[in-house]
1. Any residue in the range 149-166 that is among the acidic types (Asp, Glu) and closer than 28 Å to LEU27 by Cα?
2. Quick check on this structure: which one of VAL63, VAL28 is β-branched (Val, Ile, Thr) and either more than 17 Å from GLN154 (Cβ to Cβ) or free of Cβ contacts under 8 Å to residues at least 24 places away in the same chain (or both)?
3. Out of ALA93, ALA78, ALA54, report the one residue that is in contact (Cβ under 8 Å) with a residue 60 or more places away in the chain, touching a helix residue (DSSP H, G or I) at 6+ places or on another chain (Cβ under 6 Å) and surrounded by 19 or more Cβ atoms within 10 Å (Cβ to Cβ).
4. Checking GLY65 against (1) within 23 Å of the chain's Cα centre (by Cα); (2) in a helix (DSSP H, G or I), which test does it fail?
5. What helices (runs of 4 or more DSSP H) lie completely within the range 70-163 and have 1 or more residues being under 20 Å from MET195 (Cβ atoms), not assigned by TED's automatic domain parsing to the domain that holds PHE238 and not aliphatic (A, V, I, L, M)?
6. Determine the pairs where a residue that is under 18 Å from ARG229 (Cβ atoms), located within the range 110-121, has a partner that is of a type in the set (A, V, I, L, M) with Cβ atoms under 6 Å apart, the partner being 6 or more residues away or on another chain.
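The values are calculated or read from the model by the stated rules, or taken from the named source; none is laboratory data. None of these values were measured; they are calculated from a predicted model. All Cβ positions, glycine included, derive from the backbone under ideal geometry; neighbour counts span all protein chains shown.
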Amino acid sequence: MPMESSVRAVVDRVRALPLGTRTLVTLVLAFSGVLAVLRTFDVLGTSAGTPGSALRYPYLVAVPGAVPWYPWTLLTAAFCETSIAEFVVTMVAVPFAADYLEQQWGAVELLRFTGIVVVVSNAIAVVLSLLLFLVLRSDLPLFGTHFHGLEALQAGFLVALAQLIPHHEIQLLGSRFRMHVHDLPMLYVGLSNVMCLLGFTSPFLLIQFGWLVSWTYLRFYQPNEMGSRGDMSDAFAFVHWFPPFVHKPLGRVCEMVHSVVARVGLVPRAEAHYTDLELNVEDEVPGAVPSGRAEAERRRAMALEALDQRMADAKAPPPSAPSAPEAPSGGAAPSGSPEAPRKSSSSM
């Protein structure tokens, strides 16, 4: 049957993915599928919201006022897509990006990155909802909204790709539109700003949190092979997400913010041979331990090489099956006679 064959094709496609990516896709399929069934039949839900609303299932999605009773929703809510459009975008974007990042990081780091980005982003959204409740004295921020979906992780994946292959060019609509990978995160954040101004704070607000959380983790915390943490390269400084004319004033602000958050222990302090981490003013100290800059540049070069190889493999024609040699018209060729050269099948 067509339905059965379609399901089998999806299962085979998921099985072909590497472990970490397969885990993410399976979680999205499982939680989104369960939530869809519950909403369709309106069962096992609370009395909150309208029938069929995801608000009725605070044990799956993150309803800010219910998170203290269902803390696991800070993680599970990320894998619950509540609309067909969100589900399609996730199932197209996440496997592609996660597959590539897993080749660079490995399955463990991919899953750790996912957990940190979605949990911290959802936690920030819940805290912000609590603050809005205290200011507005309305129950709407706590019990009238919910956070769900992988928008935060999608933003995080764009930040990671911008870190690894910032200058790779993407062509859309037959090369009519071109942009670099480094520009994609801010394009997504810009979309988030527009949607939030139009009143669609959930789930688009999570994009901004995912951008900030993923950059912070990759900048300061992600372990690398040299034993250091983070990416201290100039190209990954926070100011480079913005136009050049604001780099200098924004850099001073970043320096002050970094000094404050480092003092309270939220991010590591700058290494001894760096006088200005965010502006990347380097003061070399003889005998100092090398920072993560060299490692970051090495990983960036490896990622670009892997992408080039992947694109080359995708463009290469599949090998054709060898055909049986035809006997010459004048009879069989002697066993010792040389074989005639074969023409290339590629066209110029």
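1. Yes.
2. VAL63
3. Answer to the check: ALA78.
4. Only one criterion in (1) within 23 Å of the chain's Cα centre (by Cα); (2) in a helix (DSSP H, G or I) is unmet by GLY65, namely (1).
5. 84-105, 107-136, 140-143
6. Close Cβ pairs satisfying both conditions: LEU110/LEU101; VAL117/ALA152; VAL117/LEU153; VAL117/VAL213; VAL120/VAL213.
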